[in-house]
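K.L.:
Attaching a single structure in structure tokens format; questions to follow.
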């Protein structure tokens, strides 16, 4: 059986191109070249990442396209929805409206950086998992990061306070209740209580029980 | 990536930024936190060819309290303004307003100077600056000058800044003895730009309002002082405020704009309600402070 | 013969899936009428027979989602990947006079620019090929890329492909398209007036349905009370967090493969038709979707990515910006409703006279079907013997409208529930009692003629919701008023019965005892795949962790149909149940043959086949099957109930498989000076038949309520003269965590649904009542009922002002 031939390109408004089917050529085409690239080094989820990439790239683009860290998402590009939220030096920012070049040298934590040792779910992730705080999951990385900043304060918060802390992160699936449940449970978790008795903790410490003393 | 390429230059001092602005002219845009400019860039509403970054410039991050006034560096973030204990002591209205801006991520990055220079008519910080009668210190490559907040905000997203000029700091009077402050805002959702915001400070003396400063955001193309209301409440006891302010409705000479979030009529109505609440709140705080 | 888990109450399911799996067909009149022994109505507790089903387990997909490792459509990249974007019409109604790509193509890095003439078959089909029949005259088709005429702001005109996103942005700006503006029409009523500009040749009436049942005139003439009301709903957007996205490539066999955010992998057929390819040469993969809600039911990026791949012979990615998503993807129909309701003195609803007019926007999409749903659901969960309904939808030059959670069944809740409140008030009766008095029951017929075959637990949902809500709170201070609203609804689950709906699932044991499940279901966030695993775990006696679900692949997983219409639990759930039951029987047969024992004495327990004095561990049982040449895999196909297509004048014995019923209670506080509304508390009770995973069910209920509350109070896509002014999420007001109250979901289980284990669908039903519950609460707080959505502070203040003289008159 011979497969039907694919139709030829139907227009002359096309530039000749090589066959770029995956596997059809050994070397992928080079990354975009030319003007306006800059080499930046950021510590992303505990690892130093050095990349040359477009100078005008947002931190979100840099993470996703240059560093291959795709858990922060582009939801709006306006800094409104929170899907792109990451921690820069421990503080939450909208990575879609921060230029990567502005935070050269910074320490960036994304949701995947909240995992425990060996990729096991971290403490906060575990409570999100158990209490169905993720449905479609697209807002989840940003929610986790926002939650991490809150939980790292070491204080236990009322549900109203948790909701207030989340108001810059949109979720379209859960109605927020299960997310509030998960954060409440994480703040009450004895493992966390043990390390936060002295007050605020490093965000890294809330990641996994393996990192807790 | 939504944006088109632009050149990027970071500076160590504000004056260097002014030099670059003079050199590149209109094509250049300044960012500090980037929380106003970069959304516009992503939405395709701004296309700078040069971005001058002052976020790592030295200085201009201080809260200096002296001689009854507070000097606030332009690079102070909203989060710092909201949390600074010296500012909370000396002029709590500023921090209270800053805490209402956007969301936590905006407050971490956004700066005082950025908000003032962006000059959104519904933004919180320009409003409290106008209410407090703040003075801005502006710098250009070779000189500095001072401009009153009310003169600085010249229209919708428009200021008296020259193309090569930057806001370096804002100076506000400290909240003196006998003074109280009020801040009232209504928005469609928490953190959205206000439909209407009212900032008020009043001074009580002998149980009566001796002095009041009131400003409104969202009522026009820039924040406005409500001088007629200030005059009308002077001499009143706090208990008389409610009736007096109701008698002034609708507020004179206000014609707020309509947009997809509210009609001008609704905004005008809200302004009347929130003026009463803000002035009442300020008077109550003043009484509390005295007690 | 089998050890099928029986539902609580002792009533064994008739096992439609087993029938389907074993005999290849199911009948539409499955034996569900009459109740049967042990049916006790509604229970809120689960009995103990089930081991996995009914447990609030963590979902299979959630671990990766919280770890941040899920690869959504836009997260995927391939070497040599190019980027594509659409150039869209800036005008709502215009003739295209010139298109020139030469400047764009001159840009280094620009790969191609396609216009409509470059598309092999430049037409988007709006049905699901092979399943639907024509249900209303679809006079217009839609071009993939407009060639001579644009009919809405945002319509695609050119497709641009470039090496990088940077080049793409510039190339798009360099594509020159000239337009000559044409008169447009922006209101459905104006569109139907004589002389209105025609959006398409042949007039602007796109669809029309009528119901004429009983004798309305006589009923109104003899009524004790007649109440009238008009209601208006707004244009709203799905606003899922994940904008439309996809990556396409040619695989090594020349199969065009699209990995896209979609609710419908079967769109591979549409893509094949557009490209002129055999259907077997197009494959659609649906990775986990970042929210659908109906917005990814119609095609979004699919044809464009496909065209770009074929033109460039390279992998291509297309991701829509939020602005594009808000601008150009079909939205929910704005609807105008006019109700006249007649009742007797005791509160029996005698008649409904209903007019519905919906704005379909510029293209047909699924408008005719959405309008059909509105018509069928228009009288709500109530017995009404006399009904006269006319529903029409019209073309305009507004953004197109199509599927959105609730699918036309949502908007009408505002109409019929507001009318119920008004009738109760007019007669001085309790609003709750009026609803109970008129509630449909098993055996009653809907106005379209369909007889309800399963339990209707409406009264129980009302009682449960009110009990959970407790006493109405007091206002927080002077100048504030608290209101409580209630609203009930029904919503169909499963597709229209003449669409020949089916779903298939394949399940097989691996030799180590783990299970592979293949099902074409797209998982759009509701835990669709995980629910299938939970069903399989129940039937096959394995734990969830030992089940791997492959889903959403139009070539390699058995097709399961669309994740829409609240149908996947019914369809794929039953298919999976059938496949697993068949596999279990095979396993028992293999062991029976090996042991030389009758199969009737054997049953499958977790980890072993067990009989009288016999226990064969699963691993050995599987080996026995191999030795006995008994397969250890099975395909289950479930066929939905069937029925005849309807005509314009609706009169059918069956339109939908079944319905889900629920009741909501909303407490809110109004600032009487500013009109600002604070939602205090919200309770939603639904009879879900059986909760496969109660926490997933609660998630569906809470999320749907949240979306309904957003529509009630905040959301609107603002369009002026066809120009869409809503360009971002800073303008489109999705409710935040502080806008929403604590939402409590009350899950009732009658065991009466048509899904596996007696489950009913729950994805769409809870989105209906919030509009009406909020309206009802606002009426109580302000004294006047708001009728135009969204209920903005401004409109709430208008209610306050209008009621000022009569405040406090209502008991």
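The values are calculated or read from the model by the stated rules, or taken from the named source; none is laboratory data. None of these values were measured; they are calculated from a predicted model. Cβ placement follows ideal geometry from the backbone for every residue including glycine, while neighbour counts extend to all protein chains displayed.
K.L.:
Within segment C:782-805, is even one residue surrounded by 24 or more Cβ atoms within 10 Å (Cβ to Cβ), within 26 Å of residue C:658 (Cα to Cα) and either more than 13 Å from chain A (Cβ to nearest Cβ) or touching a helix residue (DSSP H, G or I) at 6+ places or on another chain (Cβ under 9 Å) (or both)?
P.N.:
no
K.L.:
In addition: Would you confirm whether or not segment C:392-406 contains a residue that is surrounded by 24 or more Cβ atoms within 10 Å (Cβ to Cβ), under 17 Å from residue C:489 (Cα atoms) and touching a helix residue (DSSP H, G or I) at 6+ places or on another chain (Cβ under 8 Å)?
P.N.:
Yes, because at least one residue in segment C:392-406 is surrounded by 24 or more Cβ atoms within 10 Å (Cβ to Cβ), under 17 Å from residue C:489 (Cα atoms) and touching a helix residue (DSSP H, G or I) at 6+ places or on another chain (Cβ under 8 Å).
K.L.:
Out of C:189, C:173, C:180, report the one residue that is surrounded by fewer than 23 Cβ atoms within 10 Å (Cβ to Cβ), more than 30 Å from the chain's Cα centre (by Cα) and not in a strand (DSSP E or B).
P.N.:
C:173
K.L.:
Separate question: Which condition number in (1) at pLDDT below 95; (2) in a helix (DSSP H, G or I); (3) within 11 Å of another protein chain (Cβ to nearest Cβ) is the one that residue C:273 fails?
P.N.:
It fails just one condition, (3).
K.L.:
Checking the condition surrounded by fewer than 24 Cβ atoms within 10 Å (Cβ to Cβ) and farther than 28 Å from residue C:241 by Cβ, which residue from C:779, C:744 passes?
P.N.:
Working: C:744 fails: farther than 28 Å from residue C:241 by Cβ.
Criteria check complete, one pass: C:779.
K.L.:
While we're looking at this one, here's another question. Take residues that are outside the structural domain of residue A:43 (by TED's automatic domain parsing) and at pLDDT 95 or above and tell me which of the helices (runs of 4 or more DSSP H) falling wholly in segment A:123-213 contain 3 or more.
P.N.:
Of the helices (runs of 4 or more DSSP H) lying wholly inside segment A:123-213, those with at least 3 residues that are outside the structural domain of residue A:43 (by TED's automatic domain parsing) and at pLDDT 95 or above span A:123-130, A:140-151, A:159-166, A:177-188.
K.L.:
Among the residues of segment A:75-83, are any surrounded by fewer than 24 Cβ atoms within 10 Å (Cβ to Cβ), more than 7 Å from chain C (Cβ to nearest Cβ), touching a strand residue (DSSP E or B) at 6+ places or on another chain (Cβ under 8 Å) and farther than 27 Å from residue C:701 by Cα?
P.N.:
No, there is no match, as no residue in segment A:75-83 is surrounded by fewer than 24 Cβ atoms within 10 Å (Cβ to Cβ), more than 7 Å from chain C (Cβ to nearest Cβ), touching a strand residue (DSSP E or B) at 6+ places or on another chain (Cβ under 8 Å) and farther than 27 Å from residue C:701 by Cα.
K.L.:
Ok, one more. Please note which strands (runs of 3 or more DSSP E) are completely contained in segment B:103-217 and include at least 2 residues that are in the same structural domain as residue B:285 (by TED's automatic domain parsing) and closer than 29 Å to residue B:259 by Cβ. Full working, then the answer.
P.N.:
Working: elements: B:135-139, B:144-148, B:153-155, B:166-173, B:179-186, B:196-205, B:208-217.
Once the strands (runs of 3 or more DSSP E) in segment B:103-217 are filtered for at least 2 residues that are in the same structural domain as residue B:285 (by TED's automatic domain parsing) and closer than 29 Å to residue B:259 by Cβ, what remains is B:179-186, B:196-205, B:208-217.
K.L.:
I've got another one for you. Look at segment C:391-428 and say how many of its residues are over 21 Å from the mean Cα position of the chain (by Cα) and farther than 30 Å from residue C:784 by Cα.
P.N.:
Of the residues in that region, 5 qualify.
K.L.:
Hey, does segment C:656-670 have a residue that's within 14 Å of chain B (Cβ to nearest Cβ), more than 19 Å from the chain's Cα centre (by Cα), surrounded by fewer than 18 Cβ atoms within 10 Å (Cβ to Cβ) and over 25 Å from residue C:765 (Cβ atoms)?
P.N.:
Step one: filter segment C:656-670 for residues within 14 Å of chain B (Cβ to nearest Cβ), giving C:670.
Restricting the remaining residues to those that are more than 19 Å from the chain's Cα centre (by Cα) gives C:670.
Cutting the leftovers down to surrounded by fewer than 18 Cβ atoms within 10 Å (Cβ to Cβ) gives us none.
Scanning segment C:656-670, I find no residue that is within 14 Å of chain B (Cβ to nearest Cβ), more than 19 Å from the chain's Cα centre (by Cα), surrounded by fewer than 18 Cβ atoms within 10 Å (Cβ to Cβ) and over 25 Å from residue C:765 (Cβ atoms), so the answer is no.
K.L.:
Listed residues C:289, C:264, C:226; which is more than 14 Å from chain A (Cβ to nearest Cβ), under 22 Å from residue C:402 (Cα atoms) and at pLDDT 95 or above?
P.N.:
Going through C:289, C:264, C:226 in turn, just one is more than 14 Å from chain A (Cβ to nearest Cβ), under 22 Å from residue C:402 (Cα atoms) and at pLDDT 95 or above: C:264.
K.L.:
Moving on. If you check residue C:146 against the conditions, is it at pLDDT below 95, more than 14 Å from chain A (Cβ to nearest Cβ) and in contact with a strand residue (DSSP E or B) (Cβ under 8 Å, 6 or more places away or on another chain)? Talk me through it step by step, then tell me what you get.
P.N.:
Details: at pLDDT below 95: no; more than 14 Å from chain A (Cβ to nearest Cβ): yes; in contact with a strand residue (DSSP E or B) (Cβ under 8 Å, 6 or more places away or on another chain): yes.
For residue C:146, the condition - at pLDDT below 95, more than 14 Å from chain A (Cβ to nearest Cβ) and in contact with a strand residue (DSSP E or B) (Cβ under 8 Å, 6 or more places away or on another chain) - is not met.
K.L.:
Which residue, of C:688, C:683, C:697, C:646, is outside the structural domain of residue C:532 (by TED's automatic domain parsing), within 22 Å of the chain's Cα centre (by Cα) and within 25 Å of residue C:375 (Cβ to Cβ)?
P.N.:
Within the list C:688, C:683, C:697, C:646, the selection yields C:646.
K.L.:
Within 14 Å of another protein chain (Cβ to nearest Cβ) and within 23 Å of residue C:338 (Cα to Cα): is that true of residue C:733 in this structure?
P.N.:
Working: within 14 Å of another protein chain (Cβ to nearest Cβ): yes; within 23 Å of residue C:338 (Cα to Cα): no.
No; evaluated as a whole, the condition is false for this residue.
K.L.:
Can you name the number of the only condition in (1) in a strand (DSSP E or B); (2) within 30 Å of residue C:414 (Cβ to Cβ) that residue C:616 fails?
P.N.:
It is condition (2) that residue C:616 fails.
K.L.:
Still on this structure, please answer the following. Would you list the strands (runs of 3 or more DSSP E) that sit entirely within segment B:13-76 and hold 1 or more residues that are within 14 Å of another protein chain (Cβ to nearest Cβ)?
P.N.:
Working: elements: B:28-31, B:50-53, B:63-66, B:69-73.
Here the list reads B:28-31, B:50-53.
K.L.:
OK, next. Restricting attention to segment A:84-113, which residues are within 14 Å of chain C (Cβ to nearest Cβ) and assigned to a strand (DSSP E or B)?
P.N.:
Across segment A:84-113, the qualifying residues are A:85, A:86, A:87, A:94, A:108, A:109.
K.L.:
Give the residue, chosen from A:6, A:114, A:87, that is buried (at least 23 other Cβ atoms within 10 Å of the Cβ), modelled with pLDDT under 95 and over 27 Å from residue C:326 (Cα atoms).
P.N.:
Matching residue, one of A:6, A:114, A:87: A:114.
K.L.:
Kindly list the number of the only condition in (1) more than 14 Å from chain A (Cβ to nearest Cβ); (2) crowded, with 24+ Cβ neighbours inside 10 Å that fails for residue C:326.
P.N.:
Of the numbered conditions (1) more than 14 Å from chain A (Cβ to nearest Cβ); (2) crowded, with 24+ Cβ neighbours inside 10 Å, the odd one out for residue C:326 is (1).
K.L.:
Can you go through C:535, C:524 and tell me which one is buried (at least 24 other Cβ atoms within 10 Å of the Cβ) and touching a helix residue (DSSP H, G or I) at 6+ places or on another chain (Cβ under 6 Å)?
P.N.:
Criteria check complete, one pass: C:535.
K.L.:
Let me ask you something else. Quick one: is residue B:21 farther than 25 Å from residue B:201 by Cα and in contact (Cβ under 8 Å) with a residue 12 or more places away in the chain? Can you show your working first?
P.N.:
Working: farther than 25 Å from residue B:201 by Cα: yes; in contact (Cβ under 8 Å) with a residue 12 or more places away in the chain: yes.
Spelling it out, residue B:21 is indeed farther than 25 Å from residue B:201 by Cα and in contact (Cβ under 8 Å) with a residue 12 or more places away in the chain.
K.L.:
Right, something else. Has segment B:91-110 got at least one residue that is on the phi > 0 side of the Ramachandran plot and in contact with a strand residue (DSSP E or B) (Cβ under 9 Å, 6 or more places away or on another chain)?
P.N.:
Quick first cut of segment B:91-110, residues on the phi > 0 side of the Ramachandran plot only: B:102.
This time we only want the ones that are in contact with a strand residue (DSSP E or B) (Cβ under 9 Å, 6 or more places away or on another chain), so: none.
No, because not a single residue in segment B:91-110 is on the phi > 0 side of the Ramachandran plot and in contact with a strand residue (DSSP E or B) (Cβ under 9 Å, 6 or more places away or on another chain).
K.L.:
Of the residues C:708, C:699, which is over 29 Å from residue B:259 (Cα atoms) and at pLDDT 95 or above? Walk me through it before giving the result.
P.N.:
Values: C:708 fails: over 29 Å from residue B:259 (Cα atoms).
Just one listed residue meets the conditions, C:699.
K.L.:
Turning to a different aspect of this structure: Identify the residue in segment B:252-272 that is surrounded by 19 or more Cβ atoms within 10 Å (Cβ to Cβ) and without any contact (Cβ under 8 Å) to a residue 40 or more places away in the chain and, among all such residues, is nearest to the chain's Cα centre (by Cα).
P.N.:
Here the answer is B:272.
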